[in-house]
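Chemist: Here it is: the structure, laid out below.
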Amino acid sequence: MTDVHLDTSTGDLALSDDGDDLVLVDGLLELAQRVLLTLDVRRGEWAFDQRLGLPYERLFVRAPDLRSIAAELEDLLLALDGVDSVDPAELSLNRATRSLTATLRLQSSFGEVVLVTDPPEGEASALTWRAVFHSPMPRC
């Protein structure tokens, strides 16, 4: 698949160096971008597909069930086109800071993508994801 590239720091459409054209992505970079967008959507938030995204109301509770959260993340990723397999999610809850650290590894025909949470400083209730590539770094 080919898609427009989104700037990961701003969420804006990426433009070419001269600013005249949209930058397109495909392969592993497109898949990683699609996965990150899916993880950032709250289930029921997008009017065109109410099933898309994570059930945030189950994540941000006093006593989260890490096994069901891991299963939810794995099922969500496996439903995406291009994802061949997902390793069991590695989740760790720090009760003192109320932060969840997660690592997800997925395999595709393009290569492996590792997704890790990258919590913003001082924001225990936010899940911010970033992708780490374990194959040659894709180019836009």
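The values are calculated or read from the model by the stated rules, or taken from the named source; none is laboratory data. Remember, predicted model here, so these are calculated numbers, not experimental data. With ideal geometry, Cβ positions are generated from the backbone for all residues, glycine too; neighbour counts draw on all protein chains shown.
Chemist: Within the range 75-118, which residues are free of Cβ contacts under 8 Å to residues at least 40 places away in the same chain, of a type outside the set (Gly, Ala, Ser) and buried (at least 18 other Cβ atoms within 10 Å of the Cβ)?
Modeler: Hits for the range 75-118 are 76, 86, 104, 105, 117.
Chemist: Can you find even one residue in the range 61-72 that is under 22 Å from residue 8 (Cβ atoms) and assigned to a loop (DSSP other than H, G, I, E, B)?
Modeler: No, the conditions are met nowhere in the range 61-72.
Chemist: Still on this structure, I have one more. Would it be correct to say that residue 111 is in contact with a Phe, Trp or Tyr (Cβ under 9 Å, 6 or more places away or on another chain), at pLDDT 90 or above and not basic (Lys, Arg)?
Modeler: In short, no.
Chemist: Still on this structure: Among (1) surrounded by fewer than 13 Cβ atoms within 10 Å (Cβ to Cβ); (2) under 18 Å from residue 84 (Cα atoms); (3) at pLDDT 85 or above, where does residue 1 come up short?
Modeler: Status for residue 1: all satisfied but (3).
Chemist: Okay, next question. Tally up the residues in the range 55-66 that are surrounded by 13 or more Cβ atoms within 10 Å (Cβ to Cβ) and at pLDDT 85 or above, please.
Modeler: Result for the range 55-66: 1.
Chemist: Give me the residue from the range 15-31 that is part of a loop (DSSP other than H, G, I, E, B) and at negative phi and, out of that set, surrounded by the most Cβ atoms within 10 Å (Cβ to Cβ).
Modeler: 23
Chemist: Looking only at the range 77-121, count every residue that is farther than 11 Å from residue 31 by Cβ and in a loop (DSSP other than H, G, I, E, B) and tell me the total.
Modeler: Count: 12.
Chemist: Tell me which residues, restricted to the range 73-89, are of a type in the set (Gly, Ala, Ser) and touching a helix residue (DSSP H, G or I) at 6+ places or on another chain (Cβ under 7 Å).
Modeler: 82, 89 - these are the residues of the range 73-89 that are of a type in the set (Gly, Ala, Ser) and touching a helix residue (DSSP H, G or I) at 6+ places or on another chain (Cβ under 7 Å).
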